[in-house]
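J.: Structure below; questions to follow.
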Amino acid sequence: TTGNFYQTQAHMEEAVAAMYNGLRDLYTQDRFRLAMCPSDNIAVGGAGYDEGPGGITKYITLSSNFVVLDYWQEAYSSIHRCNVVIERAEGVEYDNPELKTQHIAEARFVRGLIYYDLVSFFAGVPKITKSLPLEEYYEIPRSSEDEIWDFAKEDLEHAVANLPAEVDGSGRANKFAALGILAHLHMNRNQNYAAAKEAIDQVIPNYELFADFADVWDDAINNGAHSIFAVQFLGQTGEGNPLPTAIVPKFIWEEMWLYAGQGGENNLQPSQEFWDSWDPNDVRRDLSMSNWYFDGRDPIDPDLGHPADTIYEFWVLKYGINNTPYAFNEWGINHIVMRTAEALLMKAECENELGNPEVAVPIINQIRTRAGLSEFSSNDHQEIRSEIFAQRRFELCFEDERWFDLMRWDALEPGKMDEILNAFVNYRGESSYNWDPKYRLYPIPITEIAKVPEGVLTQNPGF
């Protein structure tokens, strides 16, 4: 029980493992959809309910949307696990006192990471910093947006100061993971590029940019020199990553994608506009997405050696290349939160915004050259900015970044997000889809508002 556990260093190691484990569903089931479904990379967010991914993709998100609710509950469940580690570690006598400091710093890293996402998705949210009796949870109102930004920043800064500066391939957070997320926060909160550059410059020398883009998604080198922080999975029963199965077509031929897909409500289909945006020479395109598949329900044509029925639909294959799942929904590939290529593009953005195009452009060309593209050349600040956001879109597609990028771009060039998403809606040619700026934020789940006394949780504007 909680009364007789959390007594020893070994108990706290288990509590830390449980804390990291909480990120698995959060990142591959819920956060992924909140970050991907409304972006211009995705055209269909699940073929089913409008109160799920489909509604988010169509810009008709309701306060009853179950994906939003699931994310909210998973996020606060994970925050609770962090708070337990922080509170209980203080009272435990460790054999290794340095490990106590590390455990608390790991918990503050994870908590800061989650609050950073919460404030990005919802603006102000309840700030819960310790375990509470159930009735007290119902009394906590939303803190201001600034207060949550500051709180996430404080947690990440604590992690930077107290996590080991060691890249050991363990999958645990280290100082550089905290610096990378802190740099991201500086860029997205108030475009503090000087502070972001100071942080990201400390990260990059400790990691590598793989020469082959496909190697990033090889589960044999999970936590390799490219991985700054990743949510951990193992290719074995009960420990696998469900995402590569969930986002591919349900009836895809198993020779193309082992165990076929889950499809339906989970199948996020990339957009035609995104496919058309690629340079056909970009090697990343066909390692990230496809525009066709064979229908595995059809018999094999002996002359063709595969089913005769070709379905021309877009689907995400990025997370499964080079890998073989242990079983259905049991892929070993980690879910990468930050990797070297993103850190380099962050540095390029910082340098450009700080007036150093001569530093930014060679970094861009590192990314372009690996992708098989010709070199980019410009001294124009805005052209370089556009190219950086373009390379982020291609390099990091389906990695939960595009939505945050659009909001940051809009902060730099007010109206840019509306311009891009309105053009995207027009490109799709679907009259029932209309972008509304209120969807920059998600609604507070109506069931969470209903649980607490009136006025404790207020709703976001327009919902």
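J.: Which GluC sites (Glu not before Pro) in region 176-269 sit in a loop by DSSP (not H, G, I, E or B) and have at most 16 other Cβ atoms within 10 Å of their own Cβ?
T.: When the GluC sites (Glu not before Pro) of region 176-269 are filtered for loop state and at most 16 Cβ neighbours within 10 Å, E208, E239, E254, E255 remain.
J.: Over region 244-327, with every protein chain in place, what whole percent of the accessible area is carbon and sulfur at 1.4 Å, could you tell me?
T.: Roughly 47 percent, rounded to a whole number.
J.: Moving on. Given region 225-285, what whole percent of its Cα pairs are spread farther than 14 Å?
T.: Of all Cα-Cα distances in region 225-285, 71 percent exceed 14 Å.
J.: Show the residues, 5+ positions off or on another chain, whose built amide H is closer than 5 Å to the amide H of F233.
T.: Hits under the 5 Å cutoff: N334, H335.
J.: Still on this structure, please answer the following. With N residues in region 166-240, what two-decimal value do you get for its Cα radius of gyration over 2.2 N^0.38 Å?
T.: Dividing the Cα Rg of region 166-240 by 2.2 N^0.38 Å gives 1.25.
J.: Please report, largest first and rounded to whole Å, the three semi-axes of the ellipsoid equivalent to region 312-463, where each semi-axis is the square root of five times an eigenvalue of the C-alpha gyration tensor.
T.: Three semi-axes, in Å: 32, 25, 17.
J.: What would the Debye equation give as log₁₀ I(q)/I(0) for region 358-410 at q = 0.28 Å⁻¹, counting only Cα atoms as equal point scatterers?
T.: The calculated log intensity ratios at q = 0.28 Å⁻¹ are -1.15.
J.: Tally Lys and Arg at +1 and Asp and Glu at -1 over the other residues with C-beta under 12 Å from the C-beta of D155: what net charge comes out?
T.: 0
J.: In the chain, with Lys and Arg counted as +1 and Asp and Glu as -1 at Cβ, which of these residues, S39, P242, Y137, has the Cα nearest the positive end of the dipole, that is, farthest along it?
T.: Farthest towards the positive pole: Y137.
J.: Using the heavy atoms of the protein chains alone and a 1.4 angstrom probe, what is the accessible area of region 219-345 per residue in square angstrom? All intermediate terms of the calculation are to be shown ahead of the outcome.
T.: Values: 5030 Å² over 127 residues.
In whole numbers, region 219-345 has 40 Å² accessible per residue.
J.: Compare M407, M338 by solvent-accessible area with a 1.4 Å probe and give them largest first, with all protein chains kept in place.
T.: Greatest to least solvent exposure: M407, M338.
J.: Let me ask another. How much of the accessible area of region 402-463, in percent, comes from carbon and sulfur atoms when a 1.4 Å probe is used?
T.: Carbon and sulfur atoms account for 53 percent of the accessible area of region 402-463.
J.: While we're on this one: Simple spin-label model, 7 Å along Cα-to-Cβ: E13 to A423 in nm?
T.: Rounded to a tenth, the inter-label distance reads 5.4 nm.
J.: Follow-up question, since we're still on this one. Ignoring any ligand, DNA or RNA, what whole percent of the accessible area of region 72-175 comes from carbon and sulfur when the probe is 1.4 angstrom?
T.: It is 43 percent, rounded to a whole number.
J.: Let me ask another. Over region 109-214, average the accessible area per residue using a 1.4 Å probe and give it in Å², no decimals.
T.: For region 109-214, the per-residue accessible area is 39 Å².
J.: Continuing with the same structure: Size of the dipole of the chain about the Cα centre, Lys and Arg at +1 and Asp and Glu at -1 on the beta carbon, nothing else charged, in debye to 20?
T.: 600 debye
J.: Quick one: helix 381-395 against the long Cα principal axis of the chain, what's the angle to the nearest 10°, folded into 0 to 90?
T.: The helix 381-395 is inclined about 90 degrees to the chain.
J.: Would you calculate, for the chain, the mean residue ellipticity at 222 nm contributed by helices, counting each DSSP H stretch of 4 or more residues as -39,500 (n - 2.57) and dividing by all residues, to the nearest 500?
T.: Mean residue ellipticity at 222 nm (helix-derived): -14000 deg cm²/dmol.
J.: Quick check on my link table: of K175/K347; K250/K451; K100/K347; K58/K197; K197/K438; K127/K153, which ones sit more than 25 Å apart, alpha carbon to alpha carbon?
T.: K250/K451; K100/K347; K58/K197; K197/K438
J.: Restricting to DSSP loop positions (anything but H, G, I, E, B) with no more than 14 other Cβ atoms inside 10 Å of their own Cβ, which GluC sites (Glu not before Pro) remain in region 51-122?
T.: Listed in order of number, the matching sites are E93.
J.: Once the Cα atoms of helix 175-190 and of the chain are each reduced to a long axis, what angle between those two axes, in degrees from 0 to 90 to the nearest 10, is obtained?
T.: Helix 175-190 sits roughly 80 degrees off the main axis of the chain.
J.: Could you state the angle between the C-alpha long axis of helix 340-353 and the longest principal axis of the C-alpha atoms of the chain, as a value from 0 to 90 degrees rounded to the nearest 10?
T.: Once rounded, the angle reads 90 degrees.
J.: Please report, in whole Å, how far the alpha carbons of the chain spread along each principal axis, starting with the longest.
T.: Projected onto the principal axes, the Cα atoms of the chain cover 69, 52, 46 Å.
J.: Compare D436, D95, D146 by solvent-accessible area with a 1.4 Å probe and give them largest first, with all protein chains kept in place. Don't jump to the answer; show the numbers that get you there.
T.: Details: D436 65, D95 140, D146 95 Å².
Putting D436, D95, D146 in descending order of accessible area: D95, D146, D436.
J.: Need one number: convex hull volume per residue for region 17-102, Cα atoms only, in Å³.
T.: 98 Å³
J.: Solvent-accessible area per residue for region 374-463 at a 1.4 Å probe radius, Å²?
T.: 45 Å²
J.: Give the Debye-formula value of log10 I(q)/I(0) at each listed q (0.10, 0.12 Å⁻¹), with one equal scatterer per alpha carbon of region 224-383, two decimals each.
T.: Result of the Debye calculation: -0.50, -0.68.
The values are calculated or read from the model by the stated rules, or taken from the named source; none is laboratory data. This is a predicted model, so every value here is computed, not measured. Positions of Cβ are generated from backbone atoms using ideal geometry, with glycine treated the same way; all protein chains shown enter the neighbour counts. Side chains included, ligands, DNA and RNA excluded: accessible areas come from the protein's heavy atoms. Shrake-Rupley method; radii C 1.70, N 1.55, O 1.52, S 1.80 Å.
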